[in-house]
Amino acid sequence: MTRSHGQTAEARAKTQAKYNSKPAQVERRTSRNAARAKLVAAGRVSKGDGKDVAHRNNNPKNNSMMNLLVQPPSTNRSFKRNSKGGHK
């Protein structure tokens, strides 16, 4: 099956795996995982609760408690859009 941007699902998966293995992405992912672990230890989230840990300043490397926020996925994985669908 071909996606609208011309890549097959297999090609897209291969490209995504290559991107996810880059050192900078590994470091960002590790930091996001550490942020969630920090809030689990603080009792603010638990495994399987369906909540996301968001970073107020959108910097995944800043895991200070003041920068971490618990949100539902629908809020954390979206952003306000203008009439053309871009960031507001």
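Checking Thr30 against (1) under 22 Å from Asn20 (Cα atoms); (2) modelled with pLDDT of 95 or more; (3) surrounded by 13 or more Cβ atoms within 10 Å (Cβ to Cβ), which single condition isn't satisfied?
It is condition (3) that Thr30 fails.
Can you say whether Leu68 is surrounded by 12 or more Cβ atoms within 10 Å (Cβ to Cβ), modelled with pLDDT of 95 or more and in contact with a His (Cβ under 7 Å, 6 or more places away or on another chain), as far as the supplied structure shows? Reasoning before the result, please.
On the way: surrounded by 12 or more Cβ atoms within 10 Å (Cβ to Cβ): yes; modelled with pLDDT of 95 or more: yes; in contact with a His (Cβ under 7 Å, 6 or more places away or on another chain): yes.
Spelling it out, Leu68 is indeed surrounded by 12 or more Cβ atoms within 10 Å (Cβ to Cβ), modelled with pLDDT of 95 or more and in contact with a His (Cβ under 7 Å, 6 or more places away or on another chain).
Keeping to the range 41-59, report how many residues are farther than 18 Å from Arg77 by Cβ and either among the polar types (S, T, N, Q) or surrounded by 14 or more Cβ atoms within 10 Å (Cβ to Cβ) (or both).
2
Can you pull out the residues in the range 46-80 that are in contact with a Pro (Cβ under 9 Å, 6 or more places away or on another chain) and in contact (Cβ under 8 Å) with a residue 24 or more places away in the chain?
As a first pass, look at the range 46-80 and keep what is in contact with a Pro (Cβ under 9 Å, 6 or more places away or on another chain): 50-52.
Passing the criteria: only Asp52.
What number goes with the only condition from (1) touching a helix residue (DSSP H, G or I) at 6+ places or on another chain (Cβ under 9 Å); (2) in a loop (DSSP other than H, G, I, E, B); (3) free of Cβ contacts under 8 Å to residues at least 12 places away in the same chain that Ser83 does not pass?
(1)
Within the range 1-37, work out how many residues are part of a helix (DSSP H, G or I) and more than 16 Å from the chain's Cα centre (by Cα). Show your work before the answer.
Within the range 1-37, the subset part of a helix (DSSP H, G or I) is 9-20, 23-37.
Narrowing the set further to residues that are more than 16 Å from the chain's Cα centre (by Cα) leaves 9-15, 18, 23.
Residues flagged as part of a helix (DSSP H, G or I) and more than 16 Å from the chain's Cα centre (by Cα) within the range 1-37 amount to 9.
Of (1) touching a strand residue (DSSP E or B) at 6+ places or on another chain (Cβ under 9 Å); (2) exposed (fewer than 10 other Cβ atoms within 10 Å of the Cβ), Ser83 satisfies all except one. Which?
Failed condition: (1).
The values are calculated or read from the model by the stated rules, or taken from the named source; none is laboratory data. A quick note: this is a predicted structure, and the numbers were derived from the prediction, not measured. Quick reminder, even Gly has a Cβ in these numbers, built from the backbone with ideal geometry, and neighbours come from all protein chains shown.
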